[in-house]
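Novice: Provided herewith is a single structure, encoded as structure tokens, for subsequent inquiry.
Every read-out reported here was derived from the displayed coordinates using simple, explicitly stated rules and does not represent laboratory data. Predicted model, so just to flag it, every value in this text is computed and none were measured. No Cβ is skipped: glycine too gets one built from the backbone with ideal geometry, and neighbour counts run over all protein chains shown.
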Amino acid sequence: MFITALVAVYLLPGPDMALVLSASVFQGRRNGLMVAAGLALSRALHVSLAGIGLAALLKTHPLLFDAVRWVGASYLCWMAWAILRARETSAGDDPVASAGGWQALQRGFLTNLLNPKALMFCALLLPQFISPSGNLFEQYLILGSILVLLGALFDVVYIYAASDLASRFSGSRYGKQIARSVFASVFTLAALRLAFNR
């Protein structure tokens, strides 16, 4: 049941998936993989924070939760703007995905980290599969590892699918413009959802 719940979540479109796809389409597999590494690091951190009770702190302090939520929404809006701006400044690559590997890793890390709902998801899901009579640390470690590794596996599948598809349409400037519009729309909708759906 735990893996089934994770699969259902990782199949849903969201900012993490959009970032992985955007990086892979505009800059290829290497940047996509670095974004995925950043996402994996953030997911691991969320599991750790949920384990030490930070999610409960956010839940009992709405102002703190809202602050993180609005910072995350602002970051997603910036990414949408950067993608659209690429059409005006260059016919080349997406600036959100055009930086080096370190910047790609940072983007993946921040996109997931600044989404408090990702932390709340860990805090709500993991305890349902943890036995109070067992070793809590070991159980969090095992379940958290599954969460991170399964997410990374889905990300890699998306990366290879997106980069292969992009290579087939690499000469189409119109196709790239459509892709930028789609990704910018996804980031904007994700920002609105994060900002206004609690």
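Novice: Please state the relative contact order of the chain as a whole percent: Cα pairs under 8 Å, 6+ residues apart?
Specialist: 41
Novice: In the chain, with Lys and Arg counted as +1 and Asp and Glu as -1 at Cβ, which of these residues, G144, S163, A40, has the Cα nearest the positive end of the dipole, that is, farthest along it?
Specialist: The one lying farthest along the dipole's positive direction is S163.
Novice: Place a +1 charge on the Cβ of each Lys and Arg in the chain and a -1 charge on the Cβ of each Asp and Glu, then give the dipole magnitude about the Cα centre in debye, rounded to the nearest 20.
Specialist: Around 400 debye, computed over the chain.
Novice: Tell me which of M120, L76, N31 sits at the most positive position along the dipole axis of the chain, charges placed on C-beta atoms (Lys, Arg +1; Asp, Glu -1).
Specialist: L76
Novice: How charged is the neighbourhood of G151? Take every other residue with its Cβ under 14 Å from the Cβ of G151, and add Lys/Arg as +1 and Asp/Glu as -1.
Specialist: -1
Novice: In whole angstrom, how far apart do the alpha carbon centroids of the stretch 1-35 and the stretch 101-149 sit?
Specialist: Cα centroid to Cα centroid, the span is 15 Å.
Novice: Hey, in the GNM for the chain with a 10 angstrom Cα cutoff, which one of D164, D155, D16 fluctuates hardest?
Specialist: In the Gaussian network model the winner is D164.
Novice: For all pairs of alpha-carbon atoms in the chain, what percent lies in each bin of width 10 Å, listed from the first bin to the last filled one?
Specialist: 9, 35, 34, 16, 5, 1
Novice: Test of understanding: in a Gaussian network model of the chain with alpha carbons linked when under 10 Å, which of S167, S131, S181 would top the mean-square fluctuation ranking?
Specialist: Looking only at S167, S131, S181, the biggest GNM fluctuation is shown by S131.
Novice: Follow-up. If I model a spin label at S131 and W102 as a point 7 Å from the Cα along the Cα→Cβ vector, what separation in nanometres do I get?
Specialist: Distance between the two pseudo-spin positions: 4.6 nm.
Novice: Here is a further query. Once you have the Cα-Cα distance between V71 and R85, take 0.36 nm times their residue separation minus that, and quote the gain in nm to one decimal.
Specialist: Extending this stretch completely gives an extra 3.0 nm.
Novice: If packing is taken as the average count of other Cβ atoms within 10 Å, what order do 26-37, 4-15 fall into, highest mean first?
Specialist: 26-37, 4-15
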